[in-house]
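Novice: Here you go, one structure.
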Amino acid sequence: MLQALTIQNLALISRLHLEFDRGFTTLTGETGAGKSILLDALGLTLGNRADATLVRHGTDKADVTADFDIAAVPAAQAWLNQQELEADGDCLLRRTLSKEGRSKAYINGLPATVAQLKELSALLIDIHGQHQHQSLTQAGEQLALVDAFAQHPPLLADTRETYQAWSKQQQALQRHQENQADLQSRIELLRFQLSEFEKVAPQAEEYAQLSDEQQTLSHAHDIKQALISGYEQLDGEGGASERISAAVSALEAIQSVHAPIEPLLAQLRSVQIDCSEAANDLQHQDHQVTLDPERLAFVDARLGELFALAKKYQIDPESLEARHQQIENELSELTGDGASLEALEAKVAEAWQAYQKAADTLSSSRRKAATRLAKSVTERMQSLGMAKGRFGIQLEVAQTPSPQGQDKATFDVTTNPGQPPQPLSKVASGGELSRISLAIQVASAEVASLPTMIFDEVDVGIGGGIAEVVGRTMQQLGGHRQVLAITHLAQVAACAQTQLSIHKAVKNNVTQTQVCPLDQPQRIEELARMLGGMTLTEQTRKHAEEMLSLAQQSA
């Protein structure tokens with residue numbers, strides 16, 4: 001659940017820290033008070049698009065942090081562990097936005113991407129917007145709602161994967177058919193190229209190794225002279241080893257009468273050993289370096305051969321072996337058994353059968369879910385004032401297969417007795433469409449697994465007793481999960497366990513949005529304002545008090 005939201009320098013908010021309770025909470029306030037700013041702020045932490053105009057005037061950066069309790073959300077915990085962003089029951093999503101438009105994202109204090117914010121937030125919170133009914137008329141959105149209600153992600157994933165496999169085989173077959181005319185000439189070219197590479201037979205890392213060897217062979221004389229000279233200076237007659245030995249002997253003569261010389265004598269003995277070992281190493285390296293003109297000539301010729309082949313194919317000499325393998329693989333693909341038209345067609349047929357099996361299983365699950373969803377939405381419609389309303393979901397075979405399967409969903413609705421069902425897109429009344437949308441959202445919410453839900457003025461166009469039903473419905477949802485609702489309806493606000501008031505305040509000629517929790521008397525005043533407007537009467541206050549009392553009794 002969402003525990004807290006901290007906002008700094010966003011729009012009209014200088015600094016704001018909000019803590020949220022479990023159950024049902026409403027946010028109320030006059031139009032323009034800043035309710036949308038809170039959703040914009042939360043949306044930033046959820047990965048929504050960052051708009052530099054949101055940064056408070058006169059400041060350099062906006063900063064928003066959302067604190068979620070994920071102790072009861074194993075999917076979120078697993079995701080964090082997979083991303084190595086472990087949490088101990090709490091999860092912090094943070095987003096900063098500069099006035100230049102640059103944004104940064106963090107999860108549990110560690111840098112993250114906006115895509116990661118979106119992935120994680122999808123496991124934590126679900127937001128239903130006031131304009132959501134506009135998208136409900138779209139076929140794709142209708143099918144997505146059925147899938148969300150069915151809760152069958154594994155079936156969707158299986159269908160998507162088998163579709164992709166079938167599509168890949170289809171593309172391979174299409175390429176084969178399109179390239180058939182040029183296939184033989186391509187095979188001949190590849191065979192010629194392969195013969196050239198087999199003649200040279202480049203080996204992995206061969207060019208680099210030969211280059212190093214050429215460097216040594218071409219400077220062998222100079223290298224040997226330097227090694228011999230170094231050896232003579234260390235271990236030759238009158239060399240460093242001989243002089244150090246003489247120094248050790250001279251000092252050993254006074255060791256018994258001059259104790260302080262012992263540390264220095266030990267140091268000289270160590271130097272004597274190091275000097276001897278270094279001389280041996282120089283002599284060993286000298287024996288390793290040989291003057292071999294024939295080998296040098298071979299290496300030069302081989303490097304020239306490799307370089308010439310690389311130049312012809314316009315690649316680095318180090319890439320010759322990889323290109324050789326690439327030519328072999330392509331030629332094998334074009335001439336092998338798997339490249340024949342019959343083999344490709346068989347693979348396409350096999351992949352199509354796997355896709356159809358997955359899509360059929362998905363369709364079966366969708367049909368069952370559609371029946372349950374239609375029944376639930378019908379019940380909600382009738383409770384929202386459409387007593388004879390009925391909702392139906394038609395699933396038909398789509399014209400073309402897709403990663404989402406072979407289904408096309410159509411929402412049908414009847415709002416009045418005697419009327420035949422018609423597509424939701426043809427419902428004339430905006431108020432009816434709004435209520436149907438709310439019924440669908442509530443029905444979907446009842447099976448959702450997300451711990452937090454936000455309803456953003458989804459009750460627009462509803463009033464009277466219907467508004468009370470909406471409020472009680474959200475109140476019931478709050479018994480199972482955290483529900484936050486932005487509303488203008490007193491009947492809805494009265495049903496909440498907690499009510500937050502959003503208002504503007506002017507301090508030092510600066511306008512700021514403020515949010516504060518309301519106690520019982522303050523809630524009555526706020527509900528009275530929502531019922532009666534700017535002029536409040538005792539009758540309005542009594543009405544508000546009675547409304548609040550009745551709503552809380554049913555909680």
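Here, each number is a calculation from the coordinates, and none is a lab measurement. None of these values were measured; they are calculated from a predicted model. Reconstructed Cβ throughout: ideal geometry from the backbone, glycine too, with neighbour counts over all protein chains shown.
Novice: Computed FRET efficiency, Cβ-Cβ of Gln151 and Ile273, R0 60 Å: what is it to the nearest 0.05?
Specialist: 0.20
Novice: Would you report the distance distribution of C-alpha pairs in segment 18-73 as whole percents per 5 angstrom bin, up to the bin with the largest distance?
Specialist: 4, 13, 22, 22, 21, 11, 6, 2, 0
Novice: Okay, next question. Quick one: of Lys168/Lys312; Lys347/Lys408; Lys199/Lys347; Lys35/Lys61, which pairs are farther than 30 Å apart, Cα to Cα?
Specialist: Values: Lys168/Lys312 34 Å; Lys347/Lys408 27 Å; Lys199/Lys347 36 Å; Lys35/Lys61 21 Å.
Exceeds cut-off: Lys168/Lys312; Lys199/Lys347.
Novice: Please report the orientation-averaged projected area of segment 258-321, defined via the convex hull of its C-alpha atoms, in nm². Walk me through the intermediate numbers first.
Specialist: Details: hull surface 31.9 nm².
About 8.0 nm², averaged over all directions.
Novice: If you don't mind, another one. So for the pair Gln288, Ile228, with labels modelled 7 Å out along Cα→Cβ, what separation do we get in nm?
Specialist: 1.9
Novice: Diagonalise the Cα gyration tensor of segment 1-153 and give the resulting equivalent ellipsoid semi-axes, square root of 5 times each eigenvalue, largest first, whole Å. If you can, show how the numbers build up before the last one.
Specialist: Numbers: eigenvalues 127, 92, 52 Å².
Values for segment 1-153, descending: 25, 21, 16 Å.
Novice: Using bins 10 angstrom wide from zero, how does P(r) for segment 415-555 break down, in % of all Cα pairs?
Specialist: Once binned at 10 Å, the Cα pair distances of segment 415-555 give 10, 35, 31, 18, 5, 1, 0.
Novice: In addition: Rounded to the nearest 10 degrees, what's the angle between the helix 139-150 long axis and the longest principal axis of the chain, both from Cα atoms, 0 to 90?
Specialist: Helix 139-150 sits roughly 90 degrees off the main axis of the chain.
Novice: Grab the alpha carbons of segment 214-290, take their convex hull, and tell me the volume per residue in Å³.
Specialist: 75
Novice: Here's a follow-up. Determine the dipole magnitude for the chain: charges of +1 sit on the beta-carbon of Lys and Arg, -1 on that of Asp and Glu, nothing else is charged, the reference point is the Cα centre, and the result goes in debye to the nearest 20.
Specialist: 4120
Novice: Quick check on segment 314-468: what are the equivalent-ellipsoid semi-axes from the Cα gyration tensor, as sqrt(5λ), descending, whole Å?
Specialist: Values: eigenvalues 573, 88, 36 Å².
Over the Cα atoms of segment 314-468, the ellipsoid semi-axes are 54, 21, 13 Å.
Novice: Helix-derived [θ] at 222 nm for the chain: sum -39500 (n - 2.57) over DSSP H runs of at least 4, divide by residue count, nearest 500?
Specialist: Result for the chain: -18000 deg cm²/dmol, rounded to the nearest 500.
Novice: Further, regarding this structure: Summarise the long-distance tail of P(r) for segment 199-333 by giving the % of C-alpha pairs beyond 19 Å.
Specialist: Values: 6090 of 9045 pairs.
Summing the P(r) tail past 19 Å for segment 199-333 gives 67 percent.
Novice: While we're looking at this one, here's another question. At a temperature of 4 °C and a viscosity of 1.567 mPa s, determine how fast the chain diffuses translationally according to Stokes-Einstein, using the Kirkwood radius over alpha-carbon pairs as Rh; express D in µm²/s, rounded to the nearest whole number.
Specialist: 41
Novice: Dipole size in debye (nearest 20) for segment 1-112 around its Cα centre, Lys and Arg Cβ +1, Asp and Glu Cβ -1?
Specialist: It comes to approximately 460 debye.
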